[in-house]
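S.K.: Below is the structure I would like to discuss, written out as structure tokens.
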Amino acid sequence: MYGLIGKLRAKPGKRDELLAILLGGIGSMPGCLSYIVARDPSDADALWVTEVWDSETSHKASLSLPTVREAINKAMPIIAGFDSSVATRPVGGIGLPHEGAR
């Protein structure tokens, strides 16, 4: 499995608009096992996005999907920046297949 955890910052006062765009553009994404968008409780302009994919290849392919491209195009004007991003290697959990300790 392949995972990403990232914090992005909306322009001031635009966090809920950005949240709606991110959640509205996820539709069917082949290989996506989990896609969570969360408000940062200590930062009024920040969102955390946590993704789990069956592979890095599936994640990269998703960036070419029309619904994802449309969401990215809508979101870019209200994104102030990307604070941090980290790739992970999920091994299982609630809602995910167990990959075992590798």
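Read-outs: derived from the displayed coordinates by stated rules, not from any lab. Since the structure is predicted, the reported quantities are computational estimates derived from the model, not experimental observations. Note that we place each Cβ from the backbone using ideal geometry, even for glycine, and neighbour counts take in every protein chain shown.
S.K.: Neighbouring Cβ atoms within 10 Å as the yardstick, rank Arg15, Arg39 fewest first.
M.R.: On the way: Arg15 21, Arg39 14.
Final ranking by Cβ density, sparse to dense: Arg39, Arg15.
S.K.: Could I ask something else about it? Around Ser34, which amide H atoms from residues at least 5 apart in sequence, or from another chain, sit under 5 Å from its own amide H, with H modelled in the peptide plane?
M.R.: It is Val52, by chain and number.
S.K.: If you line up the long axis of helix 15-24 against the longest principal axis of the chain, both from Cα atoms, how many degrees apart are they, to the nearest 10?
M.R.: 40
S.K.: May I pose another question? Any idea how far the Cα center of the stretch 62-102 sits from the one of the stretch 1-43, in Å?
M.R.: Going from one Cα centre to the other spans 8 Å.
S.K.: Another question about this same structure. 7 Å from Cα along Cα→Cβ at both Tyr35 and Lys11: what's the point-to-point distance in nm?
M.R.: So the label points at Tyr35 and Lys11 sit 2.4 nm apart.
S.K.: Could you give the angle, 0 to 90 degrees to the nearest 10, between helix 66-75's Cα long axis and the longest principal axis of the Cα atoms of the chain?
M.R.: Once rounded, the angle reads 40 degrees.
S.K.: From the phi of every residue in the stretch 51-60, what ³J(HN,Hα) in whole Hz does the Karplus formula 6.51 cos²θ - 1.76 cosθ + 1.60 yield, where θ is phi - 60° and glycine or proline is x?
M.R.: 10, 10, 10, 5, 6, 5, 4, 4, 4, 4
S.K.: Taking amide H atoms as placed 1.01 Å from N in the peptide plane, list the residues 5 or more away in sequence, or in a different chain, whose amide H sits under 5 Å from that of Gly92.
M.R.: The list, which skips near neighbours in sequence, is Glu99.
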